[in-house]
Amino acid sequence: MEKSIFVKIIQREIPATIVFEDEQVIAFEDIQPKAPIHIIIVPKKIITTLNEITPEDNELLGYCLNVAKKIAFMKHIHESGYRVVMNCNYDGGQTVYHLHFHLLGGHKLNHNFA
Ligand code: 5GP
């Protein structure tokens, strides 16, 4: 299987502005930010979409949300507020097929989810 862009970032084959990394997760600034703060949070385990998660991934996915919270505090948006989003497949707007969360904040986000 072709390596995803995010695996290339994990393996340092392409550059990214990394804001957090440990053995399970990497987080970096989105290359085309949709808000003043737009961070992509990626579990290093290769899971292509939300459809592929299993109960074995529960801890890892919960951990990703803790990382999102940690970054929200680091970026000082925890009180003003922020949004955490995951897109699944074509209609959901997924473009990179390696499961990830978006952390968005830094201004008032609109409520147009559709
Ligand atoms: P998706 O559309 O799959 O939910 O989100 C993928 C996100 O990854 C998009 O917001 C896109 O801007 C971002 N992205 C795509 N390629 C790169 C890249 O090479 N570097 C970084 N930092 N972000 C990327």
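A compact table of results
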{"quantity": "Scan of region 72-94 for residues that are in a helix (DSSP H, G or I), under 16 Å from the mean Cα position of the chain (by Cα) and at negative phi, ordered by number", "calculated": "ALA72, PHE73, MET74, GLY92"}
{"quantity": "Test set (1) closer than 24 Å to ILE9 by Cβ; (2) touching a strand residue (DSSP E or B) at 6+ places or on another chain (Cβ under 9 Å) - HIS107 fails condition number", "calculated": "(1)"}
{"quantity": "Region 46-95: number of residues that are more than 26 Å from ASN112 (Cβ to Cβ) and of a type in the set (Val, Ile, Thr)", "calculated": "6"}
{"quantity": "Filtered residues of region 45-75 (kept if in contact with a strand residue (DSSP E or B) (Cβ under 9 Å, 6 or more places away or on another chain), in contact (Cβ under 8 Å) with a residue 24 or more places away in the chain and of a type in the set (A, V, I, L, M))", "calculated": "LEU60, LEU65, VAL67, ALA68, ILE71, ALA72, MET74"}
{"quantity": "Scope region 10-44; condition within 8 Å of the ligand (Cβ to nearest atom) and touching a residue at least 24 places away in the same chain (Cβ under 8 Å); matching residues", "calculated": "ASP30, LYS34, HIS38, ILE40"}
{"quantity": "Test for PRO55: is it loosely packed, with under 12 Cβ neighbours inside 10 Å and farther than 21 Å from MET1 by Cβ", "calculated": "yes"}
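So that you can scan it fast, the table gives a plain yes or no per residue for (1) closer than 22 Å to GLU21 by Cβ; (2) surrounded by 12 or more Cβ atoms within 10 Å (Cβ to Cβ); (3) away from the ligand (no atom under 16 Å from the Cβ):
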position	(1), (2), (3)
GLY62	yes, no, yes
LYS69	yes, yes, yes
ALA72	yes, yes, yes
GLN94	no, yes, no
TYR97	yes, yes, no
LEU104	yes, yes, no
LYS108	no, no, yes
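Any read-out appearing in this document is the output of simple, stated calculations on the displayed coordinates, not a laboratory observation. It should be emphasised that the depicted structure is a prediction, and the values quoted were computed from it without experimental measurement. For neighbour counting, all protein chains shown are included, and Cβ atoms are generated from backbone atoms with ideal geometry for every residue, glycine included.
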